[in-house]
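Beneath this line is the structure, given in structure tokens, with notes to follow.
The values are calculated or read from the model by the stated rules, or taken from the named source; none is laboratory data. Since the structure is predicted, the reported quantities are computational estimates derived from the model, not experimental observations. Cβ sites come from the backbone with ideal geometry, for glycine too, and all protein chains shown count toward neighbours. The area values use the complete protein model at the heavy-atom level, side chains included, leaving out ligands, DNA and RNA. Shrake-Rupley method; radii C 1.70, N 1.55, O 1.52, S 1.80 Å.
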Amino acid sequence: DSPYRQRSESEPNNPPAAATPIDLGVTIHGLIEEGDVDLYRVTLKQGDRLSAEVVGIRNTRYVFDARIAVLDVDGNELTANDDSVLLPQDPKLSFLAPKDDDYMMAIREDAFGGDLDSIYQLHIGSHPRPVVCYPAGGMPGAEETISLIGDAAGPVVQTTSLPASIGTVELFPEDKSGIAP
């Protein structure tokens, strides 16, 4: 599921000049074939947060080890992620733009593999994307204020009601910029 509008990848989009222009707040459905790199261009203002995450290995029967990166307009890698403990082996990242400029999101198979089963959904937005919740629990039935840590913009503080019995709480980080997919 995604809170964002959906769109399909269109080739060619791997030379930097052919990077697909996008706005934040989109989920892209794509495919990585062997050696393929899909590029998406987004315009950001200084301090804007770009959060991105891939659903890859979670929606295929085969190992599709996705990697995402943020590149500047010259193709220099500014940040990247291969595997995330938060999203079982799928990558995620959170990035603050250092200046007003265009940036590229690059998605590929980590070892430049890929095939017709290497499908993905790439969620790109300005939502928070932390990785750690503190405290990690509380008293059943209580309301708990938690800090979500690991987002590029800093901790996100949220209050949540815990279930009356011991169990798992599904929590989606949210702030004024939006909610995480």
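Label-to-label distance, Ile179 versus Ser2, with points set 7 angstrom from Cα along the beta-carbon direction: 1.7 nm.
Normalising by the residue count of the chain, find the relative contact order in percent from Cα pairs under 8 Å and 6+ residues apart.
On the way: 458 pairs, mean separation 42.9, N = 181.
Rounded, it is 24 percent for the chain.
Is the shape of the stretch 76-115 rounded, prolate or oblate, going by the alpha carbon gyration tensor and its root eigenvalues a ≥ b ≥ c, with a/c under 1.5 for rounded and a/b larger than b/c for prolate?
Values: a/c = 3.20, a/b = 1.53, b/c = 2.09.
Cα axes put the stretch 76-115 in the oblate bin.
The Ala18 and Gln46 beta-carbon pair, evaluated with R₀ = 30 Å, returns a calculated FRET efficiency of approximately 0.70. Which residues does a label at Ile149 reach in the stretch 155-176, if reach means a backbone N under 20 Å from a point 7 Å past the Cα toward the Cβ? Flagged as within label range: 155-160, 169, 171-175. Modelled spin-label separation between Glu170 and Val63, with each label point placed 7 Å from Cα along the Cα-to-Cβ direction: 3.0 nm.
Rounded to the nearest 0.05, the FRET efficiency derived from the C-beta distance between Glu11 and Leu78 at R0 = 30 Å is 0.75.
Were the residues from Asp101 through Asp115 laid out at 0.36 nm apart, the gain over their Cα-Cα distance would be 1.7 nm.
Expressed in nm to one decimal, what extension gain is obtained for the pair Glu33 and Met139 from 0.36 nm per residue of sequence separation less their Cα-Cα distance?
33.4 nm
At the residue level, Ser165 shows approximately 80 square angstrom of accessible surface with a 1.4 angstrom probe and all protein chains present.
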